Structure formats: structure tokens, C-alpha cells
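To start, the structure itself, in C-alpha cells.
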Amino acid sequence: MKTLHITLPLTEENTKELKAGDYVYLTGTIYTARDAAHKRMDEALSKGENLPINMKDNTIYYMGPSPAREGRPIGSAGPTTASRMDKYAPKLLDLGLRGMIGKGRRSEAVLDAIVRNKAVYLAAVGGAGALLSKAIEKTEVVAYDDLGTEAIRKLEVKDFPVIVVVDNEGNNLYDIALKDYARI
Amino acid sequence: MRELSVDKITEAVRDMCIEANHELADDMKKAFSLGKEKEESPLGKQIFEQLEENLKIAHEDMIPICQDTGMAVVFVNIGQDVHLTGGSLTDAINEGVRRGYVEGYLRKSVVSDPIERINTKDNTPAIIHTEIVEGDKVEITVAPKGFGSENMSRVFMLKPADGIEGVRNAILTAVKDAGPNACPPMVIGVGIGGTFEKCALMAKKALTRDAGSHSEIEWVRKLEEEILEDINKSGIGPGGLGGTVTALAVNVLTYPTHIAGLPVGINICCHVNRHAHREL
């Protein structure tokens with residue numbers, strides 16, 4: 001396990017360095033999208049329409065924040081369970097999506113798409129939304145404003161802490177770590 | 001008969017929604033520090049430190065502990081010598097939830113219909129469980145429940161022949177399936193006995209009992225202690241990133257059941273096991 005500082009965007013080149021178990025601080029632009037935004041993006045693709053954000057070398061954070069108090073960029077902002085986006089993720093990865101930030105296990109189809117597209121799945125610590133909000137400096141709703149917390153937001157993050165769960169060779173920290181500590 | 005205006009209930013529910021989402025009760029804080037001591041994985045220990053730092057920031061800066069500020073589950077024990085005045089109890093509780101979530105900058109996570117899915121924009125309605133009890137007080141517990149862990153909860157309708165071993169297997173299966181999805185270190189609420197719905201309700205209620213407390217029934221206390229040890233041997237660890245502390249507590253409630261059945265409800269909660277309590 002090593003600690004790295006990465007300036008976004010993630011690319012084929014810089015994701016090669018990321019190995020399952022690495023601790024990474026991200027700085028730059030990421031976008032939020034969760035259940036309802038994914039459903040809408042999927043419907044747009046089915047109709048042959050453009051997506052509101054470009055997927056190429058993009059990083060999506062599966063997160064719906066609590067409202068910001070006056071003078072603050074965002075409220076509590078921790079990851080949601082990634083598996084609910086598994087139905088839509090392979091299609092977005094095939095369109096160039098490079099990074100996903102969430103928590104929890106992914107489907108085989110997503111794991112295959114990560115390796116196929118040399119992407120990466122990162123976890124932020126679930127339930128640490130107050131702490132994580134401190135690494136978010138600026139936010140702006142860029143699409144689907146009517147979805148409230150589920151709108152697509154552009155976030156400027158500084159040293160946002162994540163852990164590499166699935167690297168682009170398909171190594172999965174959840175499987176490795178479990179074996180290291182399982183005693184039954 | 002004592003009269004109590006439902007406005008008092010609205011006010012209390014509002015305050016409890018905000019309080020529960022910004023500060024964990026002392027039992028959970030204690031469970032965090034015990035967990036951190038017991039955790040053997042360096043990364044696991046680091047995650048415990050982050051969770052403690054998170055609680056500190058939440059409290060000092062008034063940022064919710066978790067962005068999923070939950071669906072408001074409200075337990076109300078109404079003394080049979082109380083006369084509630086000024087409107088309906090249900091409306092009063094929902095008004096308290098509405099004010100708490102709107103005025104407290106909490107996330108609105110409730111949709112009006114499970115299929116059409118339109119956000120109600122004020123986090124109502126609450127899930128309300130009322131019970132009539134002796135006395136002239138009204139006791140309210142507000143337990144906002146996040147769905148990362150709620151989604152991993154289970155009901156098993158076991159056979160009587162499955163016995164205590166069947167119960168253990170059911171709990172372990174639910175926890176292992178939940179794994180990293182349920183934001184470990186978890187708190188596990190278990191209801192054994194009753195009917196299909198009774199075991200699920202007991203499991204939910206068990207989560208509001210203090211972490212670290214134990215049942216007064218001998219075999220239940222033993223089950224709580226032993227299954228917690230077994231869960232912590234699973235290797236899942238804090239954040240699901242490997243470790244020796246996967247759960248902080250297992251709380252079990254039991255109830256008489258039918259000669260043909262052994263229902264087991266398992267309500268999984270993340271480390272943000274929120275519950276605020278008031279007596280009016």
C-alpha cells in the first residue's frame with residue numbers, strides 16, 4: 001500500500017500507477033451522479049441524445065449531498081453504495097469514463113468493463129460525509145437540477161481521500177483484504 | 001387525565017431529527033473508541049480515526065455525520081393516561097420531521113411512491129411505530145435510518161429444527177452479504193420469534209438499544225457476545241477494507257412465536273447508528 005497525490009483528470013497513463021490498496025488524494029474536477037441521474041443519462045443514450053457531461057477521462061462520484069449552509073460549498077458529502085449504478089456503469093465506462101468513486105462491491109459486468117477500458121474503482125470512507133466535505137472547495141449543478149440532491153454536480157476537490165479498490169488489472173481490494181483478516 | 005398538546009411532540013421531533021444527525025449518543029462514541037483499540041489492521045485503525053474526526057467536524061461545524069440523513073423512523077410510547085390535544089399525532093410527527101429536515105439542512109431522501117419516485121422535498125412521511133403503555137408520559141425515539149445498510153437487511157423464516165445454529169447462520173449470512181456495502185463497522189439489530197413483521201420490527205427496535213448493553217435472558221446474552229466475535233472473524237473490517245472489527249454490537253430482542261416457526265429479522269445499521277430520545 002502506498003500513498004499518492006493525483007491531479008485530475010485520470011488518464012490511461014496515471015491510472016496505471018494506481019494499485020488496489022493504494023491511498024490516493026485527488027485534486028481537480030469530478031462530477032456527482034447517483035441513481036436518478038444515471039437512469040436519465042441511460043435514457044438519453046437510448047434515444048441517441050448527448051450526455052450532459054463528457055465521459056472521456058472523467059471521474060464520477062456516487063454521491064448526493066445534504067444541503068449546504070450559507071457560505072459553504074456543500075453539506076455532508078460521503079459516498080453512496082456503488083452497486084446500484086452497476087446496471088448503467090459498463091456503458092459509461094465504454095464511453096471513456098475513467099474513474100468511479102463509491103463504496104461497496106461491483107458486479108462482474110462492471111469489473112470486466114473496468115479492465116477492458118483501463119479504468120479504476122475508488123472507495124471513499126462511507127459515513128464520513130462531514131470529513132469528506134472539507135476536501136470539496138466548489139460546487140455547481142450542471143444538469144438535472146430538478147432532481148435535487150440527485151442532480152449532476154461539478155465539484156472542485158483538493159486532496160480528496162480515496163482508496164483504490166479495483167485497479168485496471170482487475171485486482172480487488174475487498175477480496176484481498178477479506179482473505180488477509182478472515183479467521184473463519 | 002394528563003393533557004399534552006401535540007405541538008410539543010412536533011417540537012421534540014424537529015429537535016431530535018437535527019440532534020441525531022449531528023451527534024451520536026454516548027454509547028456509540030464509546031463503541032468507536034473500543035473498536036479502534038481492538039482493530040488490528042493499520043488501515044482499519046486509520047478509518048476509525050477518520051470516523052472520530054468526522055464526528056468532531058459534524059458536531060463543531062453542524063454538518064450532518066452522513067449525507068444520508070435517513071428516513072425518519074419514530075418510536076412513540078404513549079402512556080394510556082395521556083390525552084393528546086390540538087390535532088392528530090401522525091400529522092404532528094410529520095410536521096416535526098418536515099421542520100427538522102428543512103430547517104436543519106438535512107437531506108431530503110424520501111420519494112412519494114416506490115415506483116414513480118417523486119421526491120417529497122421535506123423527507124416526510126416518517127415511519128411511525130406507536131405503542132400504548134402504562135403511565136402519563138409520552139416517550140419518543142427518533143432513529144433516522146440510512147439505506148446503504150437498510151438495503152442489506154433480511155428476514156429469514158427458519159424452521160424450529162434449525163434452532164440456535166440456524167439463527168447464527170442467518171446473522172452471519174446477512175453480515176457477510178452486506179460486507180463493504182453497509183458501511184462497516186456495523187451495528188446489528190436482530191429480532192427472533194413473533195411473526196414475519198414482528199421479527200423485523202424487533203430488529204429495528206433492537207438498534208435503538210445502547211451498543212454494549214446486553215439482554216437479560218441468558219441464552220440471548222450469550223448469543224449476542226458469541227455472534228459478535230464470529231462476525232469480527234469474517235475479515236470484512238472497517239470500510240470493508242479488511243480488519244478485525246466488522247461490527248461494534250449485536251443487539252437481540254425476542255418474542256414468543258408459533259409452534260411451526262422461527263422467524264429471524266436482521267436489521268443492519270452502519271456505524272452511524274443514530275437515535276435521539278425524549279420523554280414528554
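Rounded to the nearest 500, the 222 nm mean residue ellipticity of chain A from helices alone is -6500 deg cm²/dmol, with -39,500 (n - 2.57) taken per DSSP H run of at least 4 residues. Counting beta carbons within 10 Å around each of B:T195, B:T141 and listing the fewest first gives the order B:T195, B:T141. Could you tell me the center-to-center distance, by alpha carbons, between region B:63-106 and region B:209-250 in angstrom? Between the Cα centre of region B:63-106 and that of region B:209-250, the gap is 30 Å.
Summarise the partner chain shielding of A:169-178 as one whole number: the mean count of Cβ atoms from other chains within 10 Å of each residue's Cβ. Each step should come with its number before you reach the end.
Working: counts 0, 0, 0, 0, 6, 8, 1, 2, 12, 12.
Average per residue, whole number: 4.
Between B:E49 and A:K179, what's the calculated FRET efficiency when r is the beta-carbon distance and R0 is 41 Å? Round to 0.05. The calculated FRET efficiency here is 0.95.
Consider all pairwise Cα distances in the protein assembly as shown and report the whole-number % of them above 37 Å.
26
Restricting to lysine pairs 8 or more places apart or on different chains, what number in region B:31-175 have Cα atoms under 23 Å apart? Taking the Cα cut-off of 23 Å, the pair count is 8. Every helix of 4 or more DSSP H residues in chain B counts as -39500 (n - 2.57), and over all residues that averages to -13000 deg cm²/dmol at 222 nm.
Legend: calculated FRET efficiency, B:H129 to A:L95, from the Cβ-Cβ distance at R0 = 56 Å, rounded to 0.05, equals 0.75. Projecting label points 7 angstrom from Cα along Cα→Cβ for B:E226 and A:D42 puts them 4.4 nm apart. When each of A:M1, B:M1, B:M186, A:M55 is scored by the number of other beta-carbon atoms lying within 10 Å, the sequence from fewest to most is B:M1, A:M1, A:M55, B:M186.
Modelled spin labels at A:E70 and A:E49, positioned 7 Å past Cα toward Cβ, are 3.7 nm from each other. Treating each Cα of chain B as an identical point scatterer and summing with the Debye formula, the log10 of I(q)/I(0) at q = 0.16 Å⁻¹ comes to -1.28. Please report the antiparallel percentage of DSSP beta bridges with both residues in region B:40-184, rounded to the nearest 5. Roughly 55 percent of the DSSP beta bridges within region B:40-184 come out antiparallel. Within the protein assembly as shown, the cysteines lacking any other cysteine Cβ closer than 4.7 Å to their own Cβ are B:C17, B:C66, B:C199, B:C269.
I'd like the antiparallel share, as a percent to the nearest 5, of DSSP beta bridges with both residues in chain B.
Close to 55 percent.
The ranking of B:V102, B:V97 from fewest to most other beta carbons within 10 Å of each one's beta carbon is B:V102, B:V97. Relative to one another, the C-alpha centroids of region A:105-184 and region B:1-50 are positioned 26 Å apart.
Placing dummy labels 7 Å off each Cα toward the beta-carbon, the span from B:N169 to A:V115 is 3.3 nm. Seen from all directions on average, region A:29-159 presents a Cα convex hull projection of 7.4 nm². By the scheme Lys and Arg +1, Asp and Glu -1, what is the net charge of all other residues having a beta-carbon under 11 Å from that of B:L4? Net local charge, B:L4 excluded: -1. Counting only DSSP beta bridges with both residues in region B:148-275, the antiparallel share comes to about 55 percent.
Region B:148-275 gives an Rg/Rh value of 0.94, both radii derived from C-alpha positions and Rh following Kirkwood.
Any read-out appearing in this document is the output of simple, stated calculations on the displayed coordinates, not a laboratory observation. These figures come from a predicted structure and were not determined experimentally. As a convention, Cβ positions derive from the backbone with ideal geometry for all residues, glycine included, and neighbour counts pool all protein chains shown.
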